[in-house]
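The values are calculated or read from the model by the stated rules, or taken from the named source; none is laboratory data. Just so we're clear, the structure is a prediction, and the values are computed from it rather than from any experiment. Backbone-built Cβ (ideal geometry, glycine too); neighbour counts: all protein chains shown. Calculation scope for accessible area: heavy atoms of the full protein, side chains included, ligands and nucleic acids excluded. Shrake-Rupley method; radii C 1.70, N 1.55, O 1.52, S 1.80 Å.
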Amino acid sequence: MRVTWTRDEGVWRLVFLLDPEDGTTGSCSDGHPVELRTNSCHVHTGAGGGSPHPDLLALAAWTVVAPWTRRRVTFDRPVSPGFAEALRTGWGVDAGPVGEDARSGARLAVSYSGGADSMAVATMFPDAPFVHFQRVSHPRVPNRWTHYRAEVLADLARRAGRELHIVPSDLEFLLSRPRPGYPEHHAVTVGALLLADDLDLGGIAFGYELGSRWLGGDRYILRYTPDNPMWAAHGKWGRLFTAAGLPMVLPVGGVSEAVTMRVALESDLREHVRWCLRGSGDGPCGVCGKCLYKELIQAAVEGRPMRTGLTAESAPARSWQEPPPYGGQEMIEYGCARVPNIAETPFARAAEHLRATVESTRWLDHCYPPAVEEVPEPWRKQVAAFVGESIGLMTDDQARRVETWGTR
Ligand SMILES: [Zn+2]
């Protein structure tokens with residue numbers, strides 16, 4: 001794989017060329033198949049991000065080209081030895097040329113989507129700047145996904161009133177399958193990477209929670225994943241980000257979506273929270289699968305019946321009419337155990353299968369201690385303090401629920 005970055009009037013353009021051994025079909029680090037459609041994309045950093053450290057440019061490129069690279073990657077600028085080494089040990093890929101010093105920075109930025117998880121992170125770090133990825137169309141790919149309201153999400157991020165850097169990019173349209181989407185989930189950080197030197201960034205915080213980090217996430221078979229290659233600090237992506245002077249920080253990595261929901265709803269940013277990608281400026285659509293799933297969690301957190309017009313027959317509710325496993329199953333258990341009118345909701349069948357109780361799901365109200373230990377040192381104290389004050393750590397028995405997830 002050969003990658004080249006060029007810049008023109010505040011827009012970085014990435015072009016990449018496959019080597020003979022590379023392929024246009026590949027898989028994301030979580031195993032999901034991805035197919036390449038075109039070989040260029042753009043990242044709009046505006047006046048900032050004029051000359052990022054080569055490791056930052058290389059990492060930004062790698063989040064895009066990793067699925068299709070087999071044996072080697074040739075960057076257009078020399079990278080640091082540590083960065084090349086992290087690619088070699090993590091992916092078995094030869095990277096070069098080598099010959100630059102490593103970089104470092106001091107501040108933490110929040111990769112901010114506007115959903116409850118990243119809002120919980122923002123609440124933990126009230127002074128951290130936001131970097132928001134905004135999907136824009138690709139000049140060479142027709143946009144057939146106009147129901148995705150990226151401009152609404154960007155506007156909500158603006159209204160949060162925090163230091164905010166919105167970075168539009170068309171990189172999701174590189175994929176023909178699934179379409180559109182991030183080639184690697186880490187591509188959401190391209191803006192933060194290209195702006196990292198300007199903003200003196202030394203870490204980037206994500207909203208990945210307990211399910212994504214430790215319970216296998218929704219694309220995995222559900223099982224305990226201490227060595228999660230995507231999000232473990234010692235995993236291959238964790239080591240690569242650290243080599244680029246921008247360690248990944250998962251402040252809510254030890255807590256469930258019930259906790260991030262509660263923290264977000266108690267936050268002064270509450271009115272700007274939005275997990276639905278389809279709704280207008282007036283509110284979430286209320287009829288997509290994501291809205292239904294999050295309504296289950298919110299109703300559980302607020303101790304009230306679900307409010308939804310969807311039924312078991314509605315298309316977005318289809319997956320919950322089957323027996324488990326379900327994506328985000330721990331939260332389905334949590335909601336089914338707590339929502340008063342569950343038998344009249346699209347989750348009635350799931351509730352019968354899961355037979356969860358308030359007691360059997362209480363572990364999901366607290367924080368898994370190793371997740372705090374995993375936060376890099378400069379930010380660990382602040383996470384630990386927030387957890388101590390507002391969430392509480394799991395007991396040993398509760399932590400065992402995490403560690404035996406998927407084996408019962
Ligand atoms: Zn929706």
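Express in Å², to the nearest 10, the accessible area of residue 19 obtained by rolling a 1.4 Å probe over the protein heavy atoms while all chains stay in place.
10
Just to be sure I understand: of the beta bridges DSSP finds with both ends in the chain, what percent are antiparallel, rounded to 5? Provide the component values of the computation, followed by the final result.
Working: 20 of 40 bridges.
Here the share of antiparallel DSSP bridges comes out near 50 percent.
Could you please put 270, 162 in sequence from largest to smallest accessible area, using a 1.4 Å probe?
On the way: 270 110, 162 50 Å².
Largest accessible area first, the list is 270, 162.
Hey, got the dipole for the stretch 233-331? About the Cα centre, +1 on K and R Cβ, -1 on D and E Cβ, debye to the nearest 20? Write down the numbers at each step before the final one.
Values: 11 positive and 10 negative charges, 60 e Å.
Dipole magnitude for the stretch 233-331 comes out near 280 debye.
How large is the dipole of the stretch 275-362 about the Cα centre if only Lys and Arg carry +1 and Asp and Glu carry -1, each at its Cβ, rounded to the nearest 20 debye? Kindly include the intermediate steps, with their values, before the conclusion.
Values: 10 positive and 10 negative charges, 24 e Å.
Dipole about the Cα centre, nearest 20: 120 debye.
Farthest toward the dipole's positive end in the chain, which of 130, 48, 303, given Cβ charges of +1 (Lys, Arg) and -1 (Asp, Glu) about the Cα centre?
Farthest towards the positive pole: 303.
Could you look at the stretch 275-362 and say what percent of its accessible area is carbon and sulfur, using a 1.4 Å probe and all protein chains?
On the way: 2060 of 4160 Å².
Heavy-atom surface of the stretch 275-362 belonging to carbon and sulfur, 1.4 Å probe: 49 percent.
Would you mind working out the magnitude of the charge dipole of the chain relative to its Cα centre, with +1 at each Lys and Arg C-beta and -1 at each Asp and Glu C-beta, to the nearest 20 Debye? Could the numbers behind the result be given before it?
Working: 43 positive and 49 negative charges, 171 e Å.
In debye, rounded to 20, the chain gives about 820.
Normalised by the number of residues in the chain, what is the relative contact order in percent for Cα pairs under 8 Å and 6+ residues apart?
Working: 858 pairs, mean separation 63.8, N = 408.
Answer for the chain is 16 percent.
Among 268, 8, what's the order by accessible area (1.4 angstrom probe), most exposed first? If you can, show how the numbers build up before the last one.
Numbers: 268 140, 8 105 Å².
From most exposed to least exposed: 268, 8.
What accessible area per residue comes out for the stretch 30-86, rounded to a whole number of Å², with a 1.4 Å probe? Could you put the intermediate results ahead of the total?
Details: 1800 Å² over 57 residues.
Heavy-atom SASA per residue in the stretch 30-86 reads 32 Å².
Highest first, please rank the peptides 119-131, 203-215 by the mean number of other Cβ atoms sitting within 10 Å of their residues. Intermediate results must be reported in sequence, preceding the final value.
On the way: 119-131: 22.0, 203-215: 25.7.
So the order, starting with the most tightly packed, is 203-215, 119-131.
With a 1.4 Å probe and all protein chains kept in place, how do 307, 135, 179 rank by accessible area, largest first? Present the calculation step by step, with values, prior to reporting the outcome.
Details: 307 165, 135 35, 179 130 Å².
Per-residue accessible area, sorted high to low, gives 307, 179, 135.
Counting only heavy atoms of the protein chains, get the accessible area per residue of the stretch 114-155 (1.4 Å probe) and round it to a whole Å² value.
Averaged over the residues of the stretch 114-155, the accessible area is 38 Å².
So how much accessible area does residue 85 have, in Å² to the nearest 10, using a 1.4 Å probe?
Accessible area, nearest 10 Å²: 80 Å².
Would you mind telling me the share, in percent, of accessible area of the stretch 202-243 contributed by carbon and sulfur at probe 1.4 angstrom?
Answer for the stretch 202-243 is 55 percent, counting heavy atoms of protein chains only.
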